[in-house]
1. Work out how much length Val139 to Met43 would gain on full extension: take 0.36 nm times their residue separation and subtract the Cα-Cα distance, in nm to one decimal.
2. Could you please state how large a percent of the accessible area of the range 40-184 is carbon and sulfur, counting protein chains only and using a 1.4 Å probe?
3. Counting each DSSP H run of 4 or more residues in the chain as -39500 (n - 2.57), what helix-only mean residue ellipticity at 222 nm follows after dividing by all residues, to the nearest 500 deg cm²/dmol?
4. Hey, what's the range 120-184 come to in accessible area per residue, 1.4 Å probe, Å²?
5. Using 24 Å as the Cα-Cα cut-off, could you pick out the over-long pairs in Lys150/Lys183; Lys58/Lys111; Lys19/Lys39; Lys18/Lys68?
6. Rounded if a/c is under 1.5, else prolate if a/b beats b/c, else oblate: with a ≥ b ≥ c from the C-alpha gyration tensor eigenvalues square-rooted, which is the range 6-151?
7. What residues have an amide H closer than 5 Å to that of Thr155, excluding those fewer than 5 places away on the same chain, when H is modeled at 1.01 Å from N in the peptide plane?
8. Hey, what's the range 11-80 come to in accessible area per residue, 1.4 Å probe, Å²?
Amino acid sequence: MDKTSISVPTLQRMLGLKKGAAYWLIKQGHFEIVIVGKKMRVMLDSFEEWYASQFHYKKVDGPAPGQKYADTLSASDAGAILGMEGSRLYEFLKTEPFHIVWVDGHPRIDKRSLEEWIAQRAILETTFSATEVAAMLGVHRNTVYDLIAKGMFKTERYNDRPRIDKESFEVWYQSQKHYLKVKT
């Protein structure tokens, strides 16, 4: 028969806590508690739910905490990926469309939304908009859309608009004689 509850001393050993710290967690209402005789017992399912939903306390032996948020990154981990830290990172997180969940007062960034944002940034760095190409060639952007429709460039969609691959633009530009780049 599997255990459904654990004693406070077992909780202490599991988390490597002193007696006062264990009772402080209990007093915070993180776990469902039952009294059996004169002994307090922590319901194991409520303990495991709490453990999977926080990152501060770690089991001495066992899985890492925060498994409920395994598909998220801490702000510092996201900052390391983005090359940012401190207040600059937090201001950036406020302005960009990342899905953020708050755990114990700390933001956690959804991995998928960060990966999608990075992929979109990569598209912007390796492509031109039709307006940018029109300005380079000194033509109306509808002329560029006509060239796109004729398949002259490799394109990618970004925000429901075509973006012209920079390399394919240069290959096309070198292969034609009709259009010249405007000097700015």
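1. Numbers: separation 96, 0.36 × 96 = 34.56 nm, distance 7.16 nm.
Result: 27.4 nm gained on full extension.
2. The value for the range 40-184 is 52 percent carbon and sulfur by accessible area.
3. Values: 9 runs with 87 residues, N = 184.
Mean residue ellipticity, 222 nm, calculated: -13500 deg cm²/dmol.
4. Values: 4560 Å² over 65 residues.
Ligands and nucleic acids excluded, the result is 70 Å² per residue.
5. Lys150/Lys183; Lys18/Lys68
6. On the way: a/c = 4.73, a/b = 3.83, b/c = 1.23.
Prolate, since a/c reaches 1.5 and a/b exceeds b/c.
7. HN-HN under 5 Å from Thr155: Asp165.
8. That works out to 62 Å² per residue.
The values are calculated or read from the model by the stated rules, or taken from the named source; none is laboratory data. These numbers were taken from a predicted model, which means no experiment stands behind them. Heavy atoms of the whole protein, side chains included, go into the accessibility calculation; ligands, DNA and RNA do not. Shrake-Rupley method; radii C 1.70, N 1.55, O 1.52, S 1.80 Å.
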